[in-house]
Amino acid sequence: TKYVISYNKDMEFSTVESSLISVGCTILQVFESIGVVIVEAEDADFSSLMTPSASVPVVLAYEVDSLVTVHEEWHLNRITSPNLPMRESYITKNKGLGSTVYLIDSGVDTTHAELSSADIHPLWSWNNDFTDIDGHGTGLASIIVGATLGVSNEATVKSLKIPFGQSISISVLLNAFDVVLSDHLLTSGVKVVNCSWSIPRSMILDSKIAELQQQGLLVVAAAGNTMSDANTLSPVGVDTVLGVAASDAYDRVISWATGAGSNWGPDVDITAPGVDVQIAVLGGGTREASGTSIAAAVVSGCVCQYIVESPTSSATDVQDALLQNAKTDMLFRNETIYATTPNRLMFLPLVELMISPSLFNRTFEIPKGTEFTIPVVLANVVKVVNIHNIVIDSRTRTAPEWVTLENGVITVNPPVTLETGTYILEIEIIGHEDTRIGYAAFKMKIFNSSVDEINET
């Protein structure tokens with residue numbers, strides 16, 4: 001059997017290797033940067049390496065190296081997966097209802113099956129014709145609000161059509177931004193502006209984008225696809241714009257065609273799925289496409305969910321929260337090219353809404369010999385939660401008998417003989433398809449008569 005093992009990176013790998021060999025493992029592959037090793041073993045027991053007598057675990061976690069399928073909508077599954085392999089279903093906190101994306105692009109074919117039920121409004125066109133003859137805008141709209149491909153398919157898209165595939169004057173773009181700002185000021189709240197295009201730096205364009213942001217608009221821009229410095233382009237080169245690079249289903253920032261790959265530099269704030277992603281095409285159906293335009297649309301859809309979750313937050317607060325929740329999971333990067341690009345991968349955290357009250361990072365103070373109960377209310381995406389493990393002094397153990405979960409209530413009844421200290425209980429969250437969709441963990445400070453007895457060091 002092949003196993004995927006997360007090992008303690010604080011140890012010399014030679015120690016990790018010898019420990020794994022001692023329990024019958026053959027080392028197959030080592031991914032040193034992320035602290036993962038692939039081994040082969042027959043009936044291996046890793047428990048001794050997870051809770052050794054020296055209290056320093058060699059193995060942090062393990063699972064069978066199972067086969068998974070990258071689905072057509074892999075971009076959706078990836079943004080809600082904390083790591084690879086990605087989950088096989090798309091479950092979100094919300095679908096963006098009440099949020100708005102201004103899509104400045106080639107127009108949108110609203111008759112496409114992906115978009116026929118979406119809330120899409122033609123707001124402005126440079127030539128008074130909203131027909132999408134290029135297909136670029138239709139593809140991006142399907143990523144934002146598409147029925148099966150959309151990140152936030154209950155959001156509203158307001159389409160502003162600009163020329164695509166031909167020369168365009170900066171005045172046309174400024175006209176589009178003027179319409180966006182006028183429409184935005186009619187209603188309150190943060191809204192998104194998706195700019196999946198780039199031009200050589202324009203001082204006036206950049207200054208007007210800054211004005212949009214000051215009025216509560218969050219601007220998302222494609223990094224560009226020429227593997228060059230994003231700082232030379234507008235709008236991604238504006239420091240406060242959310243610049244987006246593109247990754248593939250294996251978290252790699254790679255070229256997807258000869259001479260085509262994500263631009264780089266500190267102006268690229270985050271990376272999102274954008275290589276071999278299914279998008280809607282003119283005439284019906286879908287196809288695989290690649291580019292930072294797609295990745296930017298993914299991020300715009302994600303921003304919608306952040307706005308809905310925190311409707312009173314400012315655009316800056318929403319952008320900061322999104323970046324803070326990003327994962328640093330980009331693998332196999334060409335460090336020569338991308339060394340100055342932040343290693344952030346788009347992620348929509350789910351745990352906070354799956355169970356209520358949120359047990360994530362909560363601390364409960366519980367005296368010994370006292371029964372303590374925590375009611376658990378499940379969100380509609382959750383089928384059941386299970387007690388998974390308990391962590392004691394950095395050692396993971398099977399949950400003890402004095403912690404139970406029945407009928408939606410966690411009961412903690414620590415015996416008087418239990419050692420005083422901080423215990424961490426891990427909860428496994430199962431979705432309706434009987435797949436694990438998340439974890440939660442909370443601390444229990446267990447004491448005799450006062451929580452001050454616990455030595456935090």
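The values are calculated or read from the model by the stated rules, or taken from the named source; none is laboratory data. This is a predicted model, so every value here is computed, not measured. Positions of Cβ are generated from backbone atoms using ideal geometry, with glycine treated the same way; all protein chains shown enter the neighbour counts. Ligands, DNA and RNA are stripped out before the accessible areas are found, and what is left, the full protein with its side chains, is counted by its heavy atoms. Shrake-Rupley method; radii C 1.70, N 1.55, O 1.52, S 1.80 Å.
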inquiry  = Looking only at segment 193-211, filter to residues that are modelled with pLDDT of 95 or more and open to solvent by less than 10 Å² (accessible area, probe 1.4 Å); which one of those is farthest from G135 (Cα to Cα)?
reply    = V193
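Check every one of the strands (runs of 3 or more DSSP E) wholly within segment 147-225 and list those with 1 or more residues that are within 19 Å of V236 (Cβ to Cβ) and in contact (Cβ under 8 Å) with a residue 60 or more places away in the chain.
The strands (runs of 3 or more DSSP E) meeting that bar are 191-195, 217-222.
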key: Residue, nearest to the chain's Cα centre (by Cα), within segment 163-200, restricted to residues that are β-branched (V, I, T) and under 21 Å from V108 (Cα atoms)   = V192
task = Test L97 against the stated conditions and say whether it is part of a loop (DSSP other than H, G, I, E, B) and modelled with pLDDT of 90 or more.
result = yes
task = Determine whether segment 22-41 contains at least one residue that is of a type in the set (S, T, Y) and without any contact (Cβ under 8 Å) to a residue 40 or more places away in the chain.
result = yes
key: The one condition in (1) open to solvent by less than 70 Å² (accessible area, probe 1.4 Å); (2) under 27 Å from V277 (Cα atoms); (3) of a type in the set (S, T, N, Q) that S117 fails to fulfil   = (1)
inquiry  = Residue pairs, Cβ under 8 Å, 6 or more apart or interchain, first in segment 421-436 and farther than 19 Å from P82 by Cα and at pLDDT 75 or above, second outside any strand (DSSP E or B) and open to solvent by 50 Å² or more (accessible area, probe 1.4 Å). List them.
reply    = G421/D393; T422/E456
note = Restricted to segment 309-322 and to residues being in contact (Cβ under 8 Å) with a residue 60 or more places away in the chain and open to solvent by less than 70 Å² (accessible area, probe 1.4 Å), the residue nearest to the chain's Cα centre (by Cα) is L322
ask   = Which ones in segment 230-250 are in contact with a Phe, Trp or Tyr (Cβ under 8 Å, 6 or more places away or on another chain) and either open to solvent by 50 Å² or more (accessible area, probe 1.4 Å) or in contact (Cβ under 8 Å) with a residue 60 or more places away in the chain (or both)?
value = A245, A249, Y250
remark   = Going through segment 36-49 in order, the residues found to be in a loop (DSSP other than H, G, I, E, B) and either crowded, with 17+ Cβ neighbours inside 10 Å or touching a helix residue (DSSP H, G or I) at 6+ places or on another chain (Cβ under 9 Å) (or both) are A41, A44, F46
The one condition in (1) under 26 Å from K158 (Cα atoms); (2) open to solvent by less than 70 Å² (accessible area, probe 1.4 Å) that G98 fails to fulfil = (2)
key: Among residues of segment 345-381, those that are open to solvent by 50 Å² or more (accessible area, probe 1.4 Å) and modelled with pLDDT under 90, counted   = 13
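Could you tell me whether S53 is open to solvent by 70 Å² or more (accessible area, probe 1.4 Å) and either within 17 Å of the chain's Cα centre (by Cα) or at pLDDT below 90 (or both)? If you could, list the steps in order and put the result at the bottom.
Working: open to solvent by 70 Å² or more (accessible area, probe 1.4 Å): yes; either within 17 Å of the chain's Cα centre (by Cα) or at pLDDT below 90 (or both): yes.
In short, yes.
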Enumeration of residues in segment 120-150 that are surrounded by 18 or more Cβ atoms within 10 Å (Cβ to Cβ) and among the polar types (S, T, N, Q) = T138, S142
note = By residue number, the members of segment 251-275 that are of a type in the set (G, A, S), surrounded by fewer than 24 Cβ atoms within 10 Å (Cβ to Cβ) and either under 14 Å from the mean Cα position of the chain (by Cα) or under 11 Å from G291 (Cβ atoms) (or both) are A257, A260
key: Whichever residue in segment 276-308 is open to solvent by less than 10 Å² (accessible area, probe 1.4 Å) and hydroxyl-bearing (S, T, Y) and, among such residues, is nearest to the chain's Cα centre (by Cα)   = S300
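A quick yes/no check of all residues on (1) part of a loop (DSSP other than H, G, I, E, B); (2) modelled with pLDDT of 85 or more:
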{"position": "I5", "(1), (2)": "no, yes"}
{"position": "V16", "(1), (2)": "no, yes"}
{"position": "I21", "(1), (2)": "no, yes"}
{"position": "G24", "(1), (2)": "yes, yes"}
{"position": "V30", "(1), (2)": "no, yes"}
{"position": "I34", "(1), (2)": "yes, no"}
{"position": "R78", "(1), (2)": "no, yes"}
{"position": "V101", "(1), (2)": "no, yes"}
{"position": "I104", "(1), (2)": "no, yes"}
ask   = Of all residues in segment 148-172, which are out of contact with any His (no Cβ under 9 Å at 6 or more places or on another chain), at pLDDT 95 or above and of a type in the set (A, V, I, L, M, F, W, C)?
value = A155, L160, I162
